[in-house]
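The values are calculated or read from the model by the stated rules, or taken from the named source; none is laboratory data. Computed from a predicted model, the values in this text were never measured in an experiment. A quick note on method: Cβ atoms are made from the backbone with ideal geometry, for glycine too, and the neighbour counts reach across all protein chains shown.
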Amino acid sequence: MATSRIPTVSPTGIPTGLPSGVFQSAGRDDTTADGTGQGATAPADSLRVALLVSRASTAARSGDLDGALRMLHEVDDPLVADHRDVLDLLARVYAQRGEMARAAECWRGVRQRQPADAAASAGLARIDRLGGRGPRAALARHRARTALAAAVCAVAAITACTVVLIDTADGRPGQPGPAQADRAQRIAERLDAERRAERDRERALAAARRAEAAEALAGELTAPGISPVAHGDSVEVAFADGLFSEGAELTPVGAERLAGLGERLAGRKVRVEIHGHTAVVPGAPTSGGSVLSLWRALVAARELSAAADRPLTEFTTASADQRDAPFAGVARNRTVTVVVTPG
């Protein structure tokens with residue numbers, strides 16, 4: 001059955017019109033003028049093609065060319081993935097991204113199925129001119145590059161040209177009113193909403209699993225003088241006693257506490273960050289961290305590394321800001337805070 005086309009030209013000079021035969025009436029063939037084509041297209045497959053093209057076009061029109069490519073490549077049904085309209089849209093999106101080699105590959109795929117396809121021939125010819133030599137080719141490439149900023153507008157024409165074909169009383173294809181097109185758009189929007197909702201549910205479940213893992217880890221790290229508290233997907237470990245003397249010398253209690261925590265970290269797949277603290281004293285800076293607090297973090301990392309039998313490079317150290325001191329007293333703030341995140 002012959003289908004009409006509404007040609008549209010993109011800023012790069014590559015036509016962007018989509019064939020009007022996105023929906024085919026049941027039992028008819030998608031056949032070109034020279035008798036070649038894709039063969040019979042089931043109504044369900046035609047609907048899937050139309051919805052996919054509509055959704056991908058909407059993403060491209062909003063500027064999300066990467067998202068449009070993902071939708072077009074995620075199709076697992078060869079009848080849909082290799083459909084002429086899907087390959088043609090892929091070619092146009094690639095062209096608008098400046099990936100002319102991939103665009104040409106897709107249009108060649110269209111030509112394999114429909115050798116007389118005018119849009120694919122025009123696109124391939126344009127790409128050949130862009131790849132040529134001489135001042136005219138250079139000017140063509142310059143115009144193509146400067147047109148990429150407006151490329152999304154060209155993709156809008158793809159959706160505008162997607163119509164539904166029906167059979168009229170005399171057997172010729174006709175174009176229905178806007179109600180059916182609106183219905184297809186509503187279906188596409190509902191599918192998009194369901195997909196977003198599913199992604200949100202997956203993210204929420206993943207966050208809940210990470211929080212549960214952190215809660216379980218906090219319980220497993222608990223020991224005398226060691227107070228782990230789960231915060232989101234990580235565990236913050238504080239110590240009941242100051243770990244250091246006035247400088248960066250560990251006290252006997254401090255060495256014992258760090259050894260106990262290190263033993264509990266052994267064999268676990270976790271990320272460990274150590275933040276050294278100092279007490280705020282008169283005349284000293286009240287923010288910005290200090291060399292002493294960083295040195296305490298390094299000493300604690302050495303102790304944890306030895307007790308956990310883990311390389312020192314697996315521990316991240318930093319100086320905490322004085323305003324983030326965990327305790328009110330001076331002696332107890334001669335310490336570190338250890339943040340453990342399940343890997």
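Miscellaneous remarks
- Enumeration of residues in segment 69-90 that are part of a helix (DSSP H, G or I), more than 23 Å from the chain's Cα centre (by Cα) and among the charged types (D, E, K, R): Arg84, Asp85, Asp88
- Matching residues, segment 60-76, being closer than 17 Å to Ala193 by Cβ and touching a Leu at 6+ places or on another chain (Cβ under 8 Å): Met71
- Qualifying residues in segment 234-254 (those that are in contact with a strand residue (DSSP E or B) (Cβ under 9 Å, 6 or more places away or on another chain) and polar (S, T, N, Q)) - the one farthest from Trp295 (Cα to Cα): Ser234
- For segment 59-82, the criterion of being touching a helix residue (DSSP H, G or I) at 6+ places or on another chain (Cβ under 6 Å), at pLDDT below 85 and of a type in the set (D, E, K, R) is satisfied by at least one residue.
- Ala95 being over 15 Å from Leu130 (Cβ atoms), at pLDDT below 90 and out of contact with any Lys or Arg (no Cβ under 6 Å at 6 or more places or on another chain): no
- Residue count, segment 291-302 (criterion: modelled with pLDDT under 95 and touching a helix residue (DSSP H, G or I) at 6+ places or on another chain (Cβ under 9 Å)): 1
- Some residue of segment 281-292 being within 21 Å of Leu221 (Cβ to Cβ) and outside any helix (DSSP H, G or I): no
- Only one of the listed residues (Val155, Val110) is modelled with pLDDT under 85, within 18 Å of Ala50 (Cα to Cα) and in a helix (DSSP H, G or I). That residue is Val155.
- Members of segment 303-332 that are modelled with pLDDT of 90 or more and of a type in the set (S, T, N, Q): Ser305, Thr313, Thr316, Thr317, Ser319
Every residue, every condition in (1) at pLDDT below 85; (2) under 18 Å from Gly343 (Cβ atoms); (3) not aliphatic (A, V, I, L, M), yes or no:
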| site | (1), (2), (3) |
| --- | --- |
| Asp182 | yes, no, yes |
| Ala188 | yes, no, no |
| Glu194 | yes, no, yes |
| Arg199 | no, no, yes |
| Arg203 | no, no, yes |
| Glu212 | no, yes, yes |
| Leu217 | no, yes, no |
| Leu221 | no, yes, no |
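- Residue match in segment 279-290 (condition: farther than 13 Å from Thr337 by Cα, modelled with pLDDT of 90 or more and surrounded by 13 or more Cβ atoms within 10 Å (Cβ to Cβ)): no
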